[in-house]
1. Is segment 193-248 rounded, prolate or oblate when judged by the Cα gyration tensor, a ≥ b ≥ c being the square roots of its eigenvalues, rounded requiring a/c under 1.5 and prolate requiring a/b larger than b/c?
2. Please report the Cα spread of segment 287-372 along all three principal axes, rounded to whole Å, starting with the longest.
3. Please list the three semi-axes, largest first and in whole Å, of the ellipsoid equivalent to the chain, using sqrt of 5 times the eigenvalues of its alpha carbon gyration tensor.
4. Please report the Cα spread of segment 222-270 along all three principal axes, rounded to whole Å, starting with the longest.
5. How high is the relative contact order of the chain, in percent, with contacts defined as C-alpha pairs under 8 Å that are six or more residues apart?
6. Please state the shape class of segment 195-352: rounded when a/c is under 1.5, otherwise prolate if a/b exceeds b/c and oblate if not, all from the C-alpha gyration tensor.
7. Fully extended, how many nm does the chain gain between residue 35 and residue 55 (0.36 nm per residue separation, minus their Cα-Cα distance)?
8. Please find the FRET efficiency linking residue 232 to residue 19, where r is the Cβ-Cβ separation and R0 is fixed at 25 Å, and quote it to the nearest 0.05.
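Where a number appears in this text, it was derived from the coordinates with a stated rule and is not lab data. Quantities reported herein were computed from a predicted structural model and do not represent experimental measurements. Glycine gets a Cβ as well: all are built from the backbone with ideal geometry, and neighbour counts include every protein chain shown.
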């Protein structure tokens, strides 16, 4: 099943420079509508080989250093708001930043798949202000920019969010955030997760110890998992790297192991052999990692906020901890009994977030609304 249509369709996204959940959405939209060109601000073909056959169209922003892509909101705002796609019948933007602001014609239908209201203006403004992420010595510049430009850019972002005809949220949490910040209704279509890649083998490995995975940045709160497992002296494998890596290593006890360079097949093996995934992120938009663990039959211990509310069912697919501190997480880990969970049923629950389901819901949406 595909999205073959006689209508002229374009896909728009903020950037394509690294593979992640947002890029997977664009990739699946491309698979549904392979003839649609993809407009974006920056593109790195070496890191996204799956797009080699796609018609990727960039502009002058692509000539700037890719390392600056997340620090150029004003330039991206100008770029996308001047990108005229009025010749298209349908525009589908997949965006958590500026791509939703593209120009469309009176007869163009614009659908925006919203990963989140723009983080650095709304949900995570305080986090960006305290830790902008610029190279050493330049954080003050980012701080001043965020401080003095946030109000006019919030107004710009709000106006941009009024442009699309339809908004799709990637979780019920983001649906609520769209209503809060953009004052608009939306429907929820969960993002595509490669659940089949984590499918349990016929002879599954023995499960021993907890796992935590993801980029080691402050808002991911992997420090909670490290501190809790260190205090309890229970095994934890921490997968990934990032600016907090050395800090995490310093605070870890002997029961904690760090793996910085893990390939895809090794990641699958770790998820399949874990007792549970500890997912302490500070209000995740959706949280693909949690669903990937579930696809491996692994229960998820998550903070009771954000995206995990859509897939962690206490006592069935995982457990929640209620306060984002070590004490609360330790209490939940101590109450966790792996024998009460059915690994096969957890893996089955992950199927509702599959690539197949994402494609089906997108096609149902455009057909039910007579868009294609």
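1. The shape class here is oblate.
2. Projected onto the principal axes, the Cα atoms of segment 287-372 cover 52, 27, 16 Å.
3. Here the semi-axes work out to 35, 25, 18 Å.
4. Each principal axis gives a Cα extent; for segment 222-270 these are 30, 23, 15 Å.
5. Relative contact order here is 13 percent.
6. Because its axes are fairly even, with a/c under 1.5, segment 195-352 counts as rounded.
7. 6.4 nm
8. Working: r = 34 Å, r/R0 = 1.36.
Between residue 232 and residue 19 the formula returns 0.15.
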